[in-house]
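The values are calculated or read from the model by the stated rules, or taken from the named source; none is laboratory data. All figures in this text were calculated on a predicted structure; none of them were measured in a lab. Note: ideal-geometry Cβ built from the backbone for every residue, glycine included; neighbour counts use all protein chains shown. Areas reflect the complete protein model, heavy atoms only, side chains present, ligands, DNA and RNA absent. Shrake-Rupley method; radii C 1.70, N 1.55, O 1.52, S 1.80 Å.
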Amino acid sequence: LYDNINPHGTGMDISFESIQLNESAMGKMCSCLRGKNVREVAFTDIEFTNMRAAIQSLTTMLKCSPQVKSLVWSGIPIESVDDMALFAQMISERHSVLRKL
């Protein structure tokens, strides 16, 4: 699915909206995006079946993808204090690279 992302240029914007993602789907998607020429990853109104696993997959993808300059996370409540701490840690580690949240 992501093999045809152009490795040159400014990078693509990838957007996921109004879907449910389970742990397996999120893990595979983030794994496929690692190291690809993606400038922005957007998640809007996503229902994650396992929020902690989703954040961990996203963290790993961002660590392996320095070309990602923008993360959009909109309409996705994080109810667990532990998950919020994990999300905040992810953002803090990438703060100098990410332009918007």
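If packing is taken as the mean number of other Cβ atoms within 10 Å per residue, what is the order of 41-51, 72-82, highest first?
41-51, 72-82
Two decimals is fine: what is log10 I(q)/I(0) at q = 0.18 Å⁻¹ for the chain, from a Debye sum with one equal scatterer on every Cα and no solvent?
These q points yield log10 I(q)/I(0) values of -0.83.
Give me the percent of the accessible area of the chain that comes from carbon and sulfur atoms, probe 1.4 Å, all protein chains in place.
Percent of accessible area from carbon and sulfur atoms in the chain: 50.
In sequence order, what are the phi-derived ³J(HN,Hα) couplings for segment 14-29 according to the Karplus relation 6.51 cos²θ - 1.76 cosθ + 1.60 with θ = phi - 60°, rounded to whole Hz, with x for glycine and proline?
10, 10, 10, 9, 6, 9, 9, 10, 8, 4, 5, 5, 5, x, 5, 4
So which aspartates and glutamates can residue 69 reach, going by Cα to Cα under 15 Å and dropping same-chain residues fewer than 8 places off?
Result set, ordered by chain and number: 13, 40, 93.
How much mean residue ellipticity at 222 nm does the chain get from its helices, if each DSSP H run of length 4 or more adds -39500 (n - 2.57) and you divide by all residues, to the nearest 500 deg cm²/dmol?
After summing the helix terms and dividing by the residues of the chain, the value is -12000 deg cm²/dmol.
For segment 56-94, list residues with backbone N below 20 Å from a point placed 7 Å from the Cα of residue 12 toward its Cβ?
58-73
Between residue 38 and residues 5 or more places away or on another chain, which pairs have amide H atoms under 5 Å apart, with H built 1.01 Å from N, and which residues are they?
The list, which skips near neighbours in sequence, is 12.
Relative to the longest principal Cα axis of the chain, at what angle does helix 81-94 sit, 0 to 90 degrees, rounded to 10?
Around 20 degrees separate the two axes.
Amide H to amide H under 5 Å from residue 48: which residues, 5+ apart in sequence or cross-chain, H placed 1.01 Å off N in plane?
Hits under the 5 Å cutoff: 21.
Any chance you could run the full-extension gain for residue 91 through residue 34? It's 0.36 nm times the residue separation minus the Cα-Cα distance, nm to one decimal.
In short, 18.8 nm is gained.
Just the number please: accessible area per residue for the chain, 1.4 Å probe, all protein chains included, in Å².
Per residue, the chain has 58 Å² of solvent-accessible surface.
Go through 13, 83 and list them by solvent-accessible area, largest first, probe radius 1.4 Å.
Result of the area sort, largest leading: 13, 83.
In terms of modelled amide H atoms, which long-range or inter-chain residues lie less than 5 Å from the amide H of residue 16?
42, 43, 44
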